[in-house]
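Input: a single structure, listed below in C-alpha cells.
The values are calculated or read from the model by the stated rules, or taken from the named source; none is laboratory data. Please read these numbers as outputs of a predicted model, since none were measured by experiment. When we count neighbours, we look across all protein chains shown, and the Cβ atoms used for this are built from the backbone with ideal geometry, even at glycine.
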Amino acid sequence: MTGKRSIGNSVYKLTIEENYDVIQGLISLQYRDGFVLVDLIENADFNIGRNKVYNGVAGNLFACKQSWDKGNFGYVTFNSKTNLVSHYEKLLGNQLK
C-alpha cells in the first residue's frame, strides 16, 4: 500500500504483490486528535458485488492500524454514503451518531 498527501488527507492505494499496476481500492484518511477519519474508501469495480475478487475489509483494517500507530488505540470514524448506513451497521457493528 502506498500513500500520498492531499489537502490534509493521506490517500493510499491498495495493490497486491503479484501486480502493483492494478489498484484494488483507494482510501483517504485524515488524522484527527484521538482518531482517524476515513474520508473516502472505494473498491475497484471488480471488488464489488457477489463475484468480487477481494473483500473491502483491508481498507478498514488499514485505517485502524494507522490510528493505532498514531497512538489513538485504533479508533476510526467515517462518513458513510447515505444508502450504505444500514449495511455498515450490520456488517461492522457501527452506530449512527
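Somewhere in the stretch 32-55, is a residue surrounded by 14 or more Cβ atoms within 10 Å (Cβ to Cβ), at pLDDT below 75 and within 16 Å of the chain's Cα centre (by Cα)?
Looking through the stretch 32-55, none of the residues is surrounded by 14 or more Cβ atoms within 10 Å (Cβ to Cβ), at pLDDT below 75 and within 16 Å of the chain's Cα centre (by Cα).
Restricting to the stretch 1-31, what's the tally of residues that are of a type in the set (A, V, I, L, M), part of a loop (DSSP other than H, G, I, E, B) and modelled with pLDDT of 80 or more?
2
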